[in-house]
Structures are given as C-alpha cells and as structure tokens.
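I'd like to ask you about the structure that follows.
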Amino acid sequence: MLRRNPVPQLCILNGTAILPDRLLSDAVVVCRDDRITYVGTAQSRIPASAEIVDAKGGYITPGFVDIHIHGGGGADVMDGSADAVKTVCQSHARHGTTTMFPTTSTGTDDQIHAMLAACGEVRDTWNIESGSKIAGVHLYGPYFAEGKTGCHDESVCRAPEAAEYRRYFESGIVGIATCAAELPGAAAFYRHATKRGCLVTCGHSNSSWNEMETAFQNGMRHVDHFWCAMSNVSSVRKRLGVPMQGSMLEYVLSNPEMSTEVIADGMHLAPELLSFAWRMKRSERLCLVTDCNRALDMPPGKYRFGPEEDGSWFTSDGKVGWASPGSLASSVMGMDHMVRTMHKLGNVPLQDAVRMATLTPAERTGIDQQVGSLTAGKQADILVLSKTLKVKQVHISGERWAQSR
C-alpha cells in the first residue's frame with residue numbers, strides 16, 4: 001500500500017477532460033491540497049512548482065460515485081466489521097470509485113446495526129489507504145416485498161416498523177433509504193427518511209402506479225436498478241387483478257422528477273435497454289450503479305451474498321453472479337466497466353456515461369457541492385483513464401491512491 005501526503009499543487013494535463021455536458025480537449029486541471037482550483041486549457045495556469053501528471057492522451061474525469069454497492073475483494077459490507085468495509089472501499093477505488101454509499105442487504109436488526117457502525121468507523125477514520133470515501137450508507141434491505149427479493153435472504157425481509165428504522169436513522173450515517181411502496185408502513189418510512197434528508201427510493205417491489213403515486217407524495221424520488229426486481233403491468237395484474245394497472249416502470253418513465261439506475265455490466269441488461277433508459281430519462285435522471293457483490297476481483301466460485309455467517313449463496317462465473325441457473329445475483333464488476341459498457345454497448349455519449357457515474361448520483365444524494373464534476377472548489381477526486389477508458393490513476397482529496405496487488 002502506498003501512502004503519501006497531498007502535494008501542495010498538482011497539475012494533470014495532456015488529456016481530454018470529461019465535463020458534465022462536453023469533452024474538453026488539451027485540458028489542464030490544477031489542484032491545491034485537497035481541492036480543484038482550475039479546469040481549462042490555459043497552459044499559462046500551470047504553477048511552476050506543481051507536480052505534473054501526464055494523462056498521455058487519455059481522459060481526465062471526476063472520481064466515480066456509487067450509490068448502490070454491496071461488496072468487493074472477497075468482503076461484503078454486511079460482514080459488519082471495519083476491516084470488511086475497508087476491503088470493499090479499497091477494491092472499488094481500484095476501479096475508479098472515490099465516493100460510495102455502502103448498501104445493506106436483508107439481515108437481522110443486529111447485523112444491520114453492525115454494518116452501520118462499521119461504515120461509520122471507516123468514514124470517520126479515513127485516510128488515503130482506506131480507498132473510496134464513504135458519503136453515507138444506503139439502507140436497502142430489509143424492507144422488500146415478498147416475491148421480489150432476488151438473491152437476498154427472504155427469511156429476514158419484513159415491513160418497516162418505526163421503532164426499528166428510527167434507530168437506523170439515529171446512527172446519522174444513512175443517506176439513501178429504500179422500501180417497497182406496497183408494504184404496510186411504507187408511507188411513514190418515506191416521510192421519516194425525507195425529513196432526515198435522504199434520497200428516498202422504492203426497490204424490490206411489485207407496486208402499482210397508484211402505490212407509486214402515494215409513495216411519491218410521501219417523498220419517494222428514485223427507483224433501484226431499473227427492470228430488476230421491479231413490477232411491470234403483467235406482475236401487477238397477477239397481484240391486483242383487472243383492469244390492468246400501471247407499474248413502477250410506467251410511473252418512472254412518465255414522472256420527470258423520478259430518477260432511476262441501471263447495472264451496465266453487459267449481463268443484467270441488453271444494449272437496447274441501456275440505450276432506452278438513457279433516451280427516456282437522460283443523464284440527469286439516470287445513474288450508473290455497480291450493485292456489486294463480494295466477488296469483484298475474485299476468481300469464479302461460490303460466495304455468500306450479505307453477511308458471511310449466514311447470507312444467501314450465489315455463484316460467480318467471473319462475469320456476473322447467479323443465485324440459481326437463470327436467476328441473477330448482482331454484479332461482479334466495478335464502475336469503470338459500467339462506464340465503458342454504457343458508452344460502447346449502450347451507444348451513449350461519453351460525457352453522458354461519465355455524468356451518470358459522477359454528477360448525477362452526487363446531485364441525487366445532495367453531495368454535488370463537494371464531488372461529482374471537475375469544478376473549481378470541489379474535492380480533488382480525479383481519475384486518469386486511458387484512451388480505452390481503463391483506470392490508470394486515482395486521486396482522492398488530492399492524494400494519489402495506489403494498492404499493491
């Protein structure tokens with residue numbers, strides 16, 4: 001592991017900077033301590049004393065922001081230890097993620113509290129060796145609907161109860177909060193999460209249009225991993241009968257205030273669905289997420305999803321996780337892979353693909369004044385990518401991160 005103090009001034013040049021709305025050729029990005037001070041093309045702005053980083057004709061981008069991430073490097077954040085959380089942060093830093101929201105799976109009350117405490121410890125003791133910074137926790141499991149649990153352990157799914165979830169929020173670290181809209185108590189959960197300043201989401205749900213509208217009125221503004229473990233017209237009809245009703249899909253596409261996310265690993269969604277999601281929601285309301293499990297950068301094999309002690313089993317084939325033949329179990333790829341896939345297979349402009357992995361998730365979670373774009377005054381979380389969008393250098397708060405393999 002390499003650790004050093006941030007240099008007083010850092011200058012990255014000889015690359016194309018990826019801004020939220022355009023590409024900037026022959027860019028100059030200057031940082032002082034942990035902040036960006038200049039983004040432009042003026043070679044005269046290069047300080048004489050600055051350390052120079054040559055992008056070698058590649059790309060200069062903001063660090064990636066992942067709002068839905070379970071594990072990596074053999075660990076899952078639900079393992080409930082600071083060491084496990086740090087392993088996940090380090091694993092994803094290698095793939096360009098500089099800010100993350102570690103995400104709970106279904107689990108017992110004790111397991112979720114252990115995860116919250118471990119994430120808080122890693123956040124509060126961060127240094128460059130830790131890897132990605134933790135901006136907050138995504139309280140994801142356990143409030144899922146029956147039959148929509150995916151690879152999560154259904155035995156510990158439950159409806160939200162105020163006495164339980166209020167203690168989770170009292171940890172002060174929850175920044176994103178998910179609940180299936182049709183569950184008893186969902187409206188009260190959404191209202192409480194909204195008051196806590198969270199991005200409020202619906203996921204692992206078979207909710208109807210009307211249930212989504214009620215959720216929206218109570219603060220819900222986002223839907224997790226579009227097309228995955230969510231309702232459609234047919235599934236709502238099976239649940240509620242005729243006449244057929246709208247589902248989560250139609251509600252998200254019709255409501256301009258709603259955002260969603262896609263897992264662009266090339267296995268969950270075909271290229272036309274990636275392209276369709278971008279065309280419908282555009283980059284301002286569509287996030288890229290990894291939804292990654294502990295098998296990232298690990299050999300193919302059998303792994304636990306969620307807590308190591310009793311999480312559900314899945315199998316990684318090196319491309320994706322499988323809960324059973326034909327049933328996916330989250331991804332095994334980092335955010336750099338998602339950006340490449342969205343751009344190349346989804347035929348999405350590069351600046352839009354990068355925005356969906358940077359500024360859009362930062363905006364949706366309210367941290368865009370600090371991270372998410374190459375903007376003077378923001379944290380110096382910067383990536384140098386090759387011409388083929390492979391991660392070459394990672395800078396977090398002005399320090400270069402590196403991990404020996």
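The values are calculated or read from the model by the stated rules, or taken from the named source; none is laboratory data. Note that the structure is a prediction, hence the values are computed from the model and not measured. Ideal geometry is used to build each Cβ from the backbone, glycine not excepted, and the neighbour counts take in all protein chains shown.
Does the stretch 98-112 include one or more residues that are of a type in the set (D, E, K, R), surrounded by 24 or more Cβ atoms within 10 Å (Cβ to Cβ) and under 29 Å from S155 (Cβ atoms)? Explain how you work it out, then say what you get.
First pass over the stretch 98-112, keeping only residues of a type in the set (D, E, K, R): 109-110.
From what is left, the residues that are surrounded by 24 or more Cβ atoms within 10 Å (Cβ to Cβ) are none.
No, the stretch 98-112 contains no residue that is of a type in the set (D, E, K, R), surrounded by 24 or more Cβ atoms within 10 Å (Cβ to Cβ) and under 29 Å from S155 (Cβ atoms).
Could you list all residues from the stretch 375-401 that are more than 19 Å from the chain's Cα centre (by Cα), farther than 27 Å from I173 by Cβ and of a type in the set (A, V, I, L, M, F, W, C)?
Residues satisfying the conditions are A376, V384, L385.
Scan the stretch 121-137 residue by residue and report those that are of a type in the set (A, V, I, L, M, F, W, C) and part of a helix (DSSP H, G or I).
Step one: list which residues in the stretch 121-137 are of a type in the set (A, V, I, L, M, F, W, C), which gives 122, 126, 128, 134-135, 137.
Within the stretch 121-137, V122, I128 meet the criteria.
Something else now. Go through the stretch 286-335 and count every residue that is part of a loop (DSSP other than H, G, I, E, B), surrounded by 24 or more Cβ atoms within 10 Å (Cβ to Cβ) and of a type outside the set (S, T, N, Q).
At the first step, the residues of the stretch 286-335 found to be part of a loop (DSSP other than H, G, I, E, B) are 290-291, 293-300, 306-311, 317-320, 325-326, 329-330, 332-334.
After this cut, where a residue has to be surrounded by 24 or more Cβ atoms within 10 Å (Cβ to Cβ) as well, the list is 290-291, 293-296, 306-307, 311, 330, 332-334.
Pick out the ones that are also of a type outside the set (S, T, N, Q) and you get 291, 294-296, 306-307, 311, 332-334.
Looking only at that region, the number is 10.
Here's something else I'd like to know. Which residues, counting only those in the stretch 141-156, are at pLDDT 90 or above and either in contact with a Phe, Trp or Tyr (Cβ under 9 Å, 6 or more places away or on another chain) or hydrophobic (A, V, I, L, M, F, W, C) (or both)?
Keep residues of the stretch 141-156 that are at pLDDT 90 or above, which gives 142-145.
Correct list: Y143, F144, A145.
Of everything in the stretch 185-208, what is crowded, with 19+ Cβ neighbours inside 10 Å and either of a type in the set (D, E) or not in a loop (DSSP other than H, G, I, E, B) (or both)? Give them in sequence order.
At the first step, the residues of the stretch 185-208 found to be crowded, with 19+ Cβ neighbours inside 10 Å are 186-187, 189-190, 192-193, 198-208.
Result: A186, A187, F189, Y190, H192, A193, L199, V200, T201, C202, S208.
Condition check: among the hydroxyl-bearing types (S, T, Y) and touching a residue at least 12 places away in the same chain (Cβ under 8 Å). Does S207 satisfy that? Before the answer, list the steps.
Working: among the hydroxyl-bearing types (S, T, Y): yes; touching a residue at least 12 places away in the same chain (Cβ under 8 Å): yes.
Here the answer is yes, as S207 does meet what is asked.
Considering T375, T358, which residue is among the polar types (S, T, N, Q), modelled with pLDDT of 95 or more and under 30 Å from P142 (Cα atoms)?
On the way: T375 fails: under 30 Å from P142 (Cα atoms).
So the residue among T375, T358 that is among the polar types (S, T, N, Q), modelled with pLDDT of 95 or more and under 30 Å from P142 (Cα atoms) is T358.
Out of (1) buried (at least 24 other Cβ atoms within 10 Å of the Cβ); (2) within 22 Å of the chain's Cα centre (by Cα); (3) without any contact (Cβ under 8 Å) to a residue 60 or more places away in the chain; (4) not in a loop (DSSP other than H, G, I, E, B), the odd one out for M220 is which?
Of everything listed in (1) buried (at least 24 other Cβ atoms within 10 Å of the Cβ); (2) within 22 Å of the chain's Cα centre (by Cα); (3) without any contact (Cβ under 8 Å) to a residue 60 or more places away in the chain; (4) not in a loop (DSSP other than H, G, I, E, B), M220 misses just condition (4).
Could you grab me the full set of residues in the stretch 23-34 that are out of contact with any Ser or Thr (no Cβ under 8 Å at 6 or more places or on another chain) and surrounded by fewer than 16 Cβ atoms within 10 Å (Cβ to Cβ)? Give the derivation first.
Let us first name the residues in the stretch 23-34 that are out of contact with any Ser or Thr (no Cβ under 8 Å at 6 or more places or on another chain), namely 29, 32-33.
Passing the criteria: only D33.
Against the conditions (1) out of contact with any strand residue (DSSP E or B) (no Cβ under 8 Å at 6 or more places or on another chain); (2) over 28 Å from H268 (Cα atoms), where does T388 fall short? Just the number, please.
(2)
For the stretch 161-184, give me each residue that is among the hydrophobic types (A, V, I, L, M, F, W, C), more than 22 Å from the chain's Cα centre (by Cα) and assigned to a helix (DSSP H, G or I). Break it down stepwise before answering.
Looking only at the stretch 161-184, we keep the residues that are among the hydrophobic types (A, V, I, L, M, F, W, C), and these are 162-163, 169, 173-174, 176-177, 179-181, 183.
Narrowing the set further to residues that are more than 22 Å from the chain's Cα centre (by Cα) leaves 162-163, 183.
A162, A163 - these are the residues of the stretch 161-184 that are among the hydrophobic types (A, V, I, L, M, F, W, C), more than 22 Å from the chain's Cα centre (by Cα) and assigned to a helix (DSSP H, G or I).
Within the stretch 239-247, is there a residue that is under 27 Å from the mean Cα position of the chain (by Cα), touching a residue at least 24 places away in the same chain (Cβ under 8 Å) and either surrounded by fewer than 17 Cβ atoms within 10 Å (Cβ to Cβ) or not in a helix (DSSP H, G or I) (or both)? Outline the logic, then answer.
Initially, the stretch 239-247 is screened for residues under 27 Å from the mean Cα position of the chain (by Cα), giving 247.
Applying the additional criterion that residues be touching a residue at least 24 places away in the same chain (Cβ under 8 Å) yields 247.
Add one more test, that the residue is either surrounded by fewer than 17 Cβ atoms within 10 Å (Cβ to Cβ) or not in a helix (DSSP H, G or I) (or both), and what stays is 247.
Yes: one or more hits.
Restricting the search to the stretch 373-384, which residues are assigned to a strand (DSSP E or B) and farther than 16 Å from I52 by Cα?
Initial filter on the stretch 373-384 (assigned to a strand (DSSP E or B)): 379, 382-384.
If the condition is that a residue be assigned to a strand (DSSP E or B) and farther than 16 Å from I52 by Cα, then Q379 is the only one that fits.
Same structure, new question: If you scan the stretch 138-160, which residues turn out to be in contact (Cβ under 8 Å) with a residue 24 or more places away in the chain, touching a helix residue (DSSP H, G or I) at 6+ places or on another chain (Cβ under 9 Å) and either at positive phi or assigned to a loop (DSSP other than H, G, I, E, B) (or both)?
The answer is G141, P142, Y143, F144, G147, K148, A159, P160.
Just to be sure before I move on: is S235 more than 27 Å from G71 (Cβ to Cβ) and of a type in the set (S, T, N, Q) in the structure I sent?
yes
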